[in-house]
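Take a look at the structure below.
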Amino acid sequence: MKIVMLGAPGAGKGTQAKKIASNFGIPHISTGDLFRVNIKNETALGKKAKVYIDQGFLVPDDLVLELIEERLGMADCKEGYVLDGFPRTIPQSKALDHTLNNKNDKLEYTIEVDVPDEVIIDRMAGRRACLSCGRTYHLETLRPKAEGICDFCGSFLILRDDDKPETVMKRLEVYHKQTQPLIDYYRERGILHTVDGTGEIEMIYQEIINILV
């Protein structure tokens, strides 16, 4: 089962992607997580990506494609995967199609998690992240057991630069301009399914499961 998750930054597609991956026993592939690992390890790719991410801009296609192609080539992707954060542009989607076509393969589902911009800005302002293990929390919906401390590794939690309101607004502008056309692209292919992302996490998840089974 090969799935692409679509939705603006903060729409909750990452949360749903993890639940889907766990349910079907396939990897959750988040470009954000992959880039954060590279940034933390100060790889050449990570240093290049950080310049764009910190300003709320999309990472250039060549950097993203290099990362994704390597990940999809790993053994755990043979039975499927959930892509989260990729593709974000029409060129990226066409590049993914080309890669899959070369393997006589194709995407099966595209799930769009739809949330209004004003809701997203409020959500992101409440996010807190652990830079050590990559886990995220929220001041209202997913609080850590100890304030400001990661439950899993004990590191301090921070408000990431790309979650600050001014950066989120920039990211939303970029999303609507460059990523939203993908909705039409996948709708024309007949694999797009849209769910309301403003409800409870479990209700959204159940709606997605009803689509996939």
Task: Cross-link reach list, aspartates and glutamates versus residue 19, counting only Cα pairs under 18 Å and skipping chain neighbours closer than eight places - done: 33, 76, 79, 84, 108, 112, 114, 196, 200, 202, 207
Task: GNM flexibility winner over the chain from 171, 128, 187 (Cα, springs under 10 Å) - done: 187
Open item on the list: Hydropathy at least 0.0 by Kyte-Doolittle, axial extent at least 20 angstrom from the Cα trace: which helices of the chain, defined as entire DSSP H runs, fit?
Closed with: none
Open item on the list: Could you compute the net charge surrounding residue 143? Neighbours are other residues with a C-beta less than 13 Å from the C-beta of residue 143; K and R count +1, D and E count -1.
Closed with: +1
TODO: Taking all protein chains together and a probe of 1.4 Å, list 174, 119 from the most accessible to the least accessible.
DONE: 119, 174
- [ ] Go through 24, 35 and list them by solvent-accessible area, largest first, probe radius 1.4 Å.
- [x] 24, 35
Open item on the list: For the pairs 13/177; 18/177; 2/103; 40/164, flag any whose C-alpha to C-alpha distance is greater than 23 Å.
Closed with: 18/177
TODO: Taking the Cα centre of the chain as origin, work out the dipole magnitude from +1 charges on Lys and Arg Cβ and -1 charges on Asp and Glu Cβ, in debye rounded to 20.
DONE: 480 debye
Task: Built amide H within the under 5 Å cut-off of residue 160, gap 5+ - done: 129
TODO: Find which of 178, 195, 153 sits farthest along the positive direction of the dipole of the range 116-213, computed with +1 on the beta-carbon of Lys and Arg, -1 on that of Asp and Glu, about the Cα centre.
DONE: 153
- [ ] For the chain, with all protein chains present and a 1.4 Å probe, just round the carbon and sulfur fraction of the accessible area to a whole percent.
- [x] 51 percent
Task: Long-range Cα-Cα pairs in the range 1-121 (distance over 19 Å), rounded percent - done: 48 percent
- [ ] Note down the relative contact order for the chain as a percent, whole number, built from C-alpha pairs under 8 angstrom at least six residues apart.
- [x] 30 percent
Task: Separation between Cα centres of the range 54-99 and the range 115-183, rounded to whole Å - done: 21 Å
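The values are calculated or read from the model by the stated rules, or taken from the named source; none is laboratory data. Owing to the predicted nature of the structure, the values given are computational and were not obtained by experimental measurement. Neighbour counts run over all protein chains shown; Cβ positions are idealised from the backbone, glycine included. Areas reflect the complete protein model, heavy atoms only, side chains present, ligands, DNA and RNA absent. Shrake-Rupley method; radii C 1.70, N 1.55, O 1.52, S 1.80 Å.
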